Amino acid sequence: MKLKVLLRFIATGALVSTASAQSNVTLYGAIDVGLQWNEQGVNLGTSSAPNYQQESVWGINSGYTGGSRFGLRGSESLGGSLSALFILEGGFDVDTGQSGQSSRLFGRQAWAGLRDSGLGTFALGRIATPSSTTGSFNLWSVDPFEGNWGLAGIQNTFIASNSSRWDNSIIWASPTWAGFKFAAHYTFNNDGQETAPQGTNTSAYSIGGSWSWSFLSLGATYDVYQFADAGGSRAGAGNSDEKLLQLGAVLDFKVVKLHAAWAMQDNIGTVQTANFPGWPVSVAPYDNDAWMLGVTVPLFGGNIRASYQYADADNISTATYQFEPDYSVWGVGFDYPFSRRTNVYIGYAQRAWDGSYRATPAPADPANRVDRSQFALGMRHQF
């Protein structure tokens, strides 16, 4: 009889132990889709004889206030304060059904790691940088548009804020210590598989910190891209290190939230095509400072958001051209939550050329290349 009781006790304990060791896995996601109008420079001529004119188009677009996505996240307690965890998250366009992030299956995030409640989290995989405004380890939350809202978001002048995600990376992120949070992130090659020798890869590192107390929040990040050696096929191969410093603050007075940020960006060579399409010369990497002022006002159960940004570049002069790519961005928007999971939004933004460009032969009007306007009306549902 005693033997039967003992065996039953052992079996019950084994079942409890097995159940407690199982992973907790959650399916989650978001769908953001809406109507958009865009006006921007379009080349109606040829590459040798460009003729840029402002043209507009209406359409259905996805991801205006945040990228549409689906994901799996899970965790398992390993005893004491230690746990294992993972996230697999893929982006997609609702308007076409296609995968985002260059058609990656889990292009937004794909990582696994260990977390200790006192020491923080160590993770490996494809991970968004602490400066990116997105991902599990983001420490840069100073933008009223949260690094989204299309043309209105801070990512249009602050390069590190442009949802940067690094392949082949390792990150440490601290727990919250007296309002402070820190992170350090490194990649052996930021885009695509590593190759030998090591100099054929573009490595990078990012460090960041944030602090919150009462109505005040502060953030700082610093990213450095160490480009592959000259002669390689990687983007930016042979360029000097690109260095991106961001400093920001938010004052939350409940009835109004004030946002401010500044960036120092050296040897920019990765965003010229997006912001300055069709230049007839190959523009060398350049330096600029950027700043943003914004406001968020709760109203009628929703939020009015607005900001103004400016990118102030250094002048680039060579024997054949002079280039100073300054431009401004302003935006305004309103979002209203129908429920905890579903909200609607409306937004408008403009980008305007404010620089100078001279070359031989003389280029077409730079404003027709850079100026852009955008209107959006849509909804977002989270699950």
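The values are calculated or read from the model by the stated rules, or taken from the named source; none is laboratory data. This structure is a prediction, so every number in the text was calculated from the model and none was measured. Cβ coordinates were reconstructed from backbone atoms using ideal geometry, including for glycine residues, and neighbour counts include every protein chain displayed.
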Subject >> Every residue from segment 279-313 that is within 30 Å of GLY45 (Cβ to Cβ) and either of a type in the set (Val, Ile, Thr) or modelled with pLDDT of 90 or more (or both) >> reply: VAL281, VAL283, ASN288, ALA311, ALA313
Original post:
Yes or no: TYR308 hydroxyl-bearing (Ser, Thr, Tyr) and touching a Leu at 6+ places or on another chain (Cβ under 9 Å)?
Top reply: yes
**OP:** Name the single residue, out of those in segment 70-94 being of a type in the set (Asp, Glu) and either crowded, with 18+ Cβ neighbours inside 10 Å or part of a loop (DSSP other than H, G, I, E, B) (or both), that is nearest to the chain's Cα centre (by Cα).
**Re:** GLU89
